[in-house]
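The values are calculated or read from the model by the stated rules, or taken from the named source; none is laboratory data. Everything numeric in this text was worked out from a predicted model, so none of it was measured. Counting neighbours? That spans all protein chains shown, and the Cβs are built from the backbone with ideal geometry, glycine included.
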Amino acid sequence: MKVYYKSFNDFLADASIVYEKLKNNGQDSWRYGQAYFNLLSSHRPDIAEQIRGTKLDPFYKDEVKKETHDFVESQW
């Protein structure tokens, strides 16, 4: 079942939940930025493609910068 987020805040809350589930299921190599970007790419590929490979791309990071959150929220 595909989830459609009504707001950026709903997405952000779910990104944390997804990340924690991955960590709790023994997938310790996952980074928060990776979970965030993959969830964004799945639900809002239009926004994910705007940040892919830029300084805003959080995929290889353990955390997501405020600038990335601000940009994603502004595009929501």
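Can you find a residue in segment 18-28 that is in a helix (DSSP H, G or I) and under 10 Å from the mean Cα position of the chain (by Cα)? The answer is yes; a qualifying residue exists. Against the conditions (1) in contact (Cβ under 8 Å) with a residue 24 or more places away in the chain; (2) more than 13 Å from the chain's Cα centre (by Cα); (3) surrounded by fewer than 12 Cβ atoms within 10 Å (Cβ to Cβ), Y60 satisfies every one except (2).
Scanning segment 23-38 finds one or more residues that are in contact with a Pro (Cβ under 7 Å, 6 or more places away or on another chain) and of a type in the set (F, W, Y). When Y5, Y36, Y60 are checked against the criterion of being assigned to a loop (DSSP other than H, G, I, E, B) and at pLDDT 95 or above, a single residue qualifies: Y60. Selection of segment 39-56 for residues being in a loop (DSSP other than H, G, I, E, B) and either touching a strand residue (DSSP E or B) at 6+ places or on another chain (Cβ under 6 Å) or surrounded by fewer than 16 Cβ atoms within 10 Å (Cβ to Cβ) (or both) yields R52, G53, T54, K55.
For segment 23-36, a residue qualifies if it is out of contact with any Ser or Thr (no Cβ under 9 Å at 6 or more places or on another chain) and surrounded by 14 or more Cβ atoms within 10 Å (Cβ to Cβ), and the qualifying residues are K23, W30, R31, Q34.
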